[in-house]
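For reference, the structure is listed below as structure tokens.
Please treat every number below as a calculation from the coordinates, not as lab data. Fair warning: this is a prediction, and the values are worked out from it, not measured in the lab. Neighbour counts are summed over all protein chains in view; Cβ atoms, including those assigned to glycine, are modelled from backbone coordinates with ideal geometry.
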Amino acid sequence: MAKKRSLFTSWWLWLAVLALAGLAAAWLAYGEGLRRTGEAATAYGARVACSCRYVAGRSLEDCAKDKLEGMELVSFSDDDQARSVTASIPFIASDTARYREGYGCVLKKWEYG
């Protein structure tokens, strides 16, 4: 009876190791493309949602309805005091756009001074 339990335990261990190896291989194969696509999606989403929120004056929940197909994983949060919107995909990418008078919404990494 003890041998069966030991065999069962090692079977689950090997399955876990195989699953982790599969995830690692998938991340190596697709991770860079996923990160780049995520960066583009969050930059676009932050800029558009910021304009919707602070230029058009709509609620963030209403602005979230304007997401394009394929942007289901992008989530938005806003900071009314800073007049900014952050778009993020958990563990992949995040970007913030801030409203600037005379310029509209500008991505944080593109701001000057």
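Sequence-distant contacts, meaning Cα pairs under 8 Å at least 6 residues apart, place the relative contact order of the stretch 2-110 at 25 percent.
Relative protection proxy for 62-71, 33-42, 12-21, from highest mean packing down: 33-42, 62-71, 12-21 (other beta-carbon atoms within 10 angstrom).
Once the chain from L107 to Y30 is taken as fully extended at 0.36 nm per residue, the excess over their C-alpha distance is 25.1 nm. Relative to the longest principal axis of the Cα atoms of the chain, the long axis of helix 2-50 lies at roughly 10 degrees. Full extension of the chain between Q81 and W11 yields a length gain of 19.7 nm, computed as 0.36 nm times the residue separation minus the alpha carbon distance.
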